[in-house]
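Remarks on the structure that follows.
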Amino acid sequence: MGRLGALAAVAAFVMGFTGPVGAQSLDHLARAMGADRVKTVQIKGTGFYYHLGGSALANEPWPKFNLKAYDFLANYETGSAVIDLTLSQFLKPPRGAGFQPIRGELKRRARISGDVGWGINRQGRTGPSRNTAPAIHALWTSPHGVIRAAQAAGARVTVHRSKGQDFYHLNFGKPGAFKATARFGPDGLLRRVDARLADEVLGDMRAVTTYSDYKLVDGVKFPMRMTVTYGPHPALEVRFTEVRFNVAADIKPPKGLKARGQRVKAEKAADGIWHMTGGSHHSVAIEMADHVIVFEAPLSSARGEAVIAAVKKTIPGKPIRFVINSHHHFDHSGGLRAFVAEGATIITHRSNKAFYVNAFAAPRTLRPDRMATEGRMATFLPVGRKHVISDGTRRIELHALTGNPHCESNLIAVLPKERIMLVADAYSGRQFAKKPLPKNRVNPTGAHLWRTLVRLGLDKRVDTLLPIHGRKSEMRQIRWMAGVK
Ligand SMILES: [Zn+2]
């Protein structure tokens, strides 16, 4: 019996009802997909990439980039993969996150082996992945990854009859990363994978992968087109240009790779003001008369918990009553939920509130955090163009960077008495400009920040910058970054 014959026999056996048909039919799907002949696969392609959680406003789609090269290499025997994306600027003018505008090319390089993930950053340095779920998901929802993952999980096939045809479903997953239903057509070929993927902001985030345009490659049917959505928006669209099976794929974590624990360093910037550094994204603790306000809860619940612990040690005996969220980009909001669990109210731009209410209502079964396990509800203090916080001892002014290409709703905080400004992304202390940048190297985000500061007169009222990325800096460095002498 041929492979389609075998599938027909399975279909005939179930006679039009929906239900389980047993493990043996997984073998039929594996045969239809040629999975037993594929140990490794190398895929090249081109298309579009979209930066998850990086839109200029919370309700907009993820910003789009040209995907000049998609390079995927998977080893299903060792459970490892290389995922390299070569990007170039698509949006003109630039809008949103992802190091826009990209001049030339930008590479995003992720690696996974088992549950160990690592990456290579823009400077070529190798380091552990902050979040391995997307790479684990990409590996095990690839066409033959689905079959391998389902076989490993002992998944059973269920048959679903629609318009007189049988479709085959497989439920499988990887604990802590994702769970999924793979859908196969009457021909036994994979069409779609509906997954829930662990995300710090969106919780059990919906991730839908589709496969189409099957071609025969070395006797194996393989889809030449793939699309992925994350949450409600597109994440990836690739047309494959080259598929090679059973190439060498020796993918191992680099020696000495260690998942770094959360390190938080409290650096005093003024009386009662601490730059909480130690990682890639900082926070700032501000001591008020009878409570503490923290500016920025970045990255993850784990980072949030570590910052909370460090703030309590640095400023003992005062509760953290507010957390100011500079902007909604996921690397700047992933730690908010830890502060909610701590009892803090989220101060954020009003354009973000509905987004967070929705996002935080999503289930968190894949990677539960304290807010989920303790059943806490978030409270918000939404703000507009300007908002002043004062308790008589200290004054904090919040200003929105309305019109900024990186983020329209980005909030900066100014402490007028201390002449200190807190700023995320629009200025990053890593740009240690020692003199004004030449005009052709000026980033529109930095130029907009400088114009806004001048318009508000803040350029004259601030000396010191505590950026969320990089080290303490001086106001004149923003001027230089904007190309102004
Ligand atoms: Zn950002």
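For this structure, a couple of remarks:
- Residue match in the stretch 462-479 (condition: in a helix (DSSP H, G or I), touching a Pro at 6+ places or on another chain (Cβ under 9 Å) and either in contact (Cβ under 8 Å) with a residue 12 or more places away in the chain or within 15 Å of the ligand (Cβ to nearest atom) (or both)): yes
- Of PRO94, PRO63, all but one fail to be in contact with a strand residue (DSSP E or B) (Cβ under 8 Å, 6 or more places away or on another chain) and in contact (Cβ under 8 Å) with a residue 24 or more places away in the chain; the exception is PRO63.
- Once the stretch 342-361 is narrowed to residues that are hydrophobic (A, V, I, L, M, F, W, C), in contact (Cβ under 8 Å) with a residue 24 or more places away in the chain and surrounded by fewer than 20 Cβ atoms within 10 Å (Cβ to Cβ), the residue that is farthest from the ligand (Cβ to nearest atom) is ALA354.
- Residue within the stretch 121-128 that is modelled with pLDDT under 95, within 16 Å of the ligand (Cβ to nearest atom) and surrounded by fewer than 23 Cβ atoms within 10 Å (Cβ to Cβ) present: yes
- Inter-residue pairs, beta-carbon under 6 Å, first outside the structural domain of SER300 (by TED's automatic domain parsing) and within 15 Å of PHE178 (Cα to Cα) and in the stretch 115-135, second exposed (fewer than 14 other Cβ atoms within 10 Å of the Cβ) and among the hydrophobic types (A, V, I, L, M, F, W, C), 6+ apart: none
- Single match in GLU397, GLU408 (criterion: surrounded by fewer than 22 Cβ atoms within 10 Å (Cβ to Cβ) and within 16 Å of the ligand (Cβ to nearest atom)): GLU408
- Matching residues in the stretch 180-211 - criterion: being in a loop (DSSP other than H, G, I, E, B) and under 20 Å from THR158 (Cα atoms): GLY185, PRO186, ASP187, GLY188, LEU189
- Scan of the stretch 323-341 for residues that are surrounded by 24 or more Cβ atoms within 10 Å (Cβ to Cβ), more than 20 Å from the chain's Cα centre (by Cα) and more than 16 Å from the ligand (Cβ to nearest atom), ordered by number: VAL323, VAL340
- Scope the stretch 411-444; condition more than 18 Å from PRO298 (Cβ to Cβ), within 16 Å of the ligand (Cβ to nearest atom) and either part of a helix (DSSP H, G or I) or at pLDDT 90 or above (or both); matching residues: ASN443, PRO444
- Pair list, Cβ under 9 Å, 6 or more apart: the stretch 200-226 residue more than 19 Å from LEU189 (Cα to Cα), other residue of a type in the set (Val, Ile, Thr) and in a strand (DSSP E or B): ARG206/THR229; ALA207/VAL193; ALA207/VAL228; ALA207/THR229
- Qualifying residue in the stretch 252-269 (condition: within 16 Å of the ligand (Cβ to nearest atom) and touching a strand residue (DSSP E or B) at 6+ places or on another chain (Cβ under 9 Å)): no
- Scanning the stretch 98-124 for residues that are of a type in the set (Gly, Ala, Ser) and over 16 Å from the mean Cα position of the chain (by Cα) yields GLY104, SER113, GLY114, GLY124.
- Test for ARG263: is it surrounded by fewer than 18 Cβ atoms within 10 Å (Cβ to Cβ) and either touching a Gly at 6+ places or on another chain (Cβ under 7 Å) or without any contact (Cβ under 8 Å) to a residue 12 or more places away in the chain (or both): yes
The values are calculated or read from the model by the stated rules, or taken from the named source; none is laboratory data. Please read these numbers as outputs of a predicted model, since none were measured by experiment. Backbone-built Cβ (ideal geometry, glycine too); neighbour counts: all protein chains shown.
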